[in-house]
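Working notes for the structure below.
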Amino acid sequence: MPIVLFTDFGSRDPYVGQVKAVLGEVAPTVPIIDLLNDAPDFNAKAAAHLLASLVGQFPQGSVFFAIVDPGVGGRRAPVVVRADGYRFVGPDNGLLSVVAARAAHAQTFRIAWRPKRLSSSFHGRDLFAPVAARVALDDVPEGWLVPRPQLSVDFGSGDLAEIVYVDHYGNAVSGMRAAAVSRDATLLVNGRRLRHGRVFSDVPGGGLFWYENSQGLVEIAANQANAAKELKLRVGTRIRWTG
């Protein structure tokens, strides 16, 4: 099963390559998938809801190297979470908590192992990558992982009525699952009212609307235009409903 990268390390910096070097050294036969390396910077809550919407597209047994870790080097614990057949390696800062809270079966382990070389600012490379590789190989040495009853930071299983990601088209993804929203509902954001549209082509050019995206989340978009720029949307912008 693959190791899936979900980080805020950026696609223009060397950090992802450094992590892949470690993964390739420890687990050279395991495929690596770059899911997203531009997750919301420093924002574990937004990233947690985004991650939870993406997991189901991968085969069970996949190992998610999930790092949005503004508290690196601080008191937050490094953990491994097993949830409904998936494995997650990352910080205990809420990033893995939505996945865990929505799972029918979840287990949490504190990473007790420490490498000989552990920089204070790059645990992704020095700590999480070797552990993720070992988890993917099903070859975690005894004593590396210590069971714990639950995560320390828990955002719960509910939805988040905020923008959690803006893509390069200017489409703004919310943390709300669309299945629970009536298609007759009007979305209110930054003083504008948006109606539902099924697909982009159902809306006039430049028209703004909300729809259920391919991840099952409510997304704000414009037909062949930049909705985020038009509506001044960013990660953390609140949304609400009427009707």
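Once you have the alpha carbon radius of gyration of segment 34-156, what is it after dividing by 2.2 N^0.38 Å, with N set to its residue count? All intermediate terms of the calculation are to be shown ahead of the outcome.
On the way: Rg = 13.2 Å, N = 123, 2.2 N^0.38 = 13.7 Å.
Against the compact-globule rule of thumb, the ratio is 0.96.
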Whole-Hz Karplus couplings 3J(HN,Hα) for segment 142-159, θ = phi - 60° and coefficients 6.51, -1.76, 1.60, Gly and Pro as x, run 4, x, 5, 10, 10, x, 9, x, 6, 6, 6, 10, 10, 7, x, 9, x, 7
Give the value in nm², to one decimal: projected area of the alpha carbon convex hull of segment 98-165, averaged over all directions. 6.6
So how far apart, in nm, are the two label points at D138 and S121 if each is 7 Å from Cα heading toward Cβ? 4.0
In sequence order, what are the phi-derived ³J(HN,Hα) couplings for segment 64-81 according to the Karplus relation 6.51 cos²θ - 1.76 cosθ + 1.60 with θ = phi - 60°, rounded to whole Hz, with x for glycine and proline? 9, 8, 10, 10, 10, 9, x, x, 3, x, x, 8, 4, 8, x, 9, 10, 10
Euclidean distance of C-alpha centroids, segment 6-25 and segment 95-116, integer Å: 21
What distance in nm separates the simple spin-label points at Q107 and R238, each placed 7 Å from Cα in the Cβ direction? 4.1
Whole-Hz ³J(HN,Hα) for each residue in segment 2-10, computed from phi via Karplus 6.51 cos²θ - 1.76 cosθ + 1.60 with θ = phi - 60°, x for glycine and proline: what do you get? x, 9, 10, 8, 9, 9, 10, 6, x
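For segment 190-243, calculate the relative contact order in percent as a whole number, restricting contacts to Cα pairs under 8 Å that are 6 or more residues apart.
28
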Calculated from DSSP H runs of 4 or more alone, at -39500 (n - 2.57) each and per residue, what is the 222 nm mean residue ellipticity of the chain, nearest 500? -4500 deg cm²/dmol
GNM result for the chain, Cα springs below 10 Å: residue of A228, A27, A179 fluctuating most strongly: A179
Within the chain, what is the longest stretch that has no trypsin sites (Lys or Arg not before Pro) placed in a DSSP loop and near at most 16 other beta-carbon atoms within 10 Å? 118-182
S152 versus S201, label points 7 Å from Cα toward the beta carbon: distance in nm? 5.2
Treating each Cα of the chain as an identical point scatterer and ignoring solvent, apply the Debye formula and state log10 I(q)/I(0) at q = 0.08, 0.17 Å⁻¹. -0.32, -1.18
Residues A179 and D34, FRET efficiency given R0 of 22 Å [Cβ-Cβ distance, rounded to 0.05]: 0.20
Taking only the alpha-carbon positions of segment 125-243 and ignoring solvent, what does the Debye formula give for the base-10 log of I(q)/I(0) at q = 0.10, 0.12, 0.13, 0.17 Å⁻¹? -0.45, -0.57, -0.62, -0.80
Contact order relative to length for segment 126-243, counting C-alpha pairs under 8 Å separated by 6 or more residues, stands in percent at 28
20 Å Cα-Cα reach of K116 towards aspartates and glutamates, excluding residues that sit fewer than 8 places from it in its own chain: E25, D126, D139, E142
Measure nothing fancy, just the Cα-based angle from helix 44-54's long axis to the longest principal axis of the chain, in degrees from 0 to 90, nearest 10. 80
Taking the DSSP beta bridges in the chain as the whole, what percent of them are antiparallel, to the nearest 5? 75
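Could you work out the relative contact order of the chain, using alpha carbon pairs under 8 angstrom and six or more residues apart, expressed as a whole percent?
18
Only the coordinates and a few stated rules stand behind these numbers; no lab work does. This one's a predicted model, so the numbers in the text were calculated from it and none came from an experiment. Because the Cβ atoms are built from the backbone with ideal geometry, glycine has one as well, and the counts that use them run over all protein chains shown.
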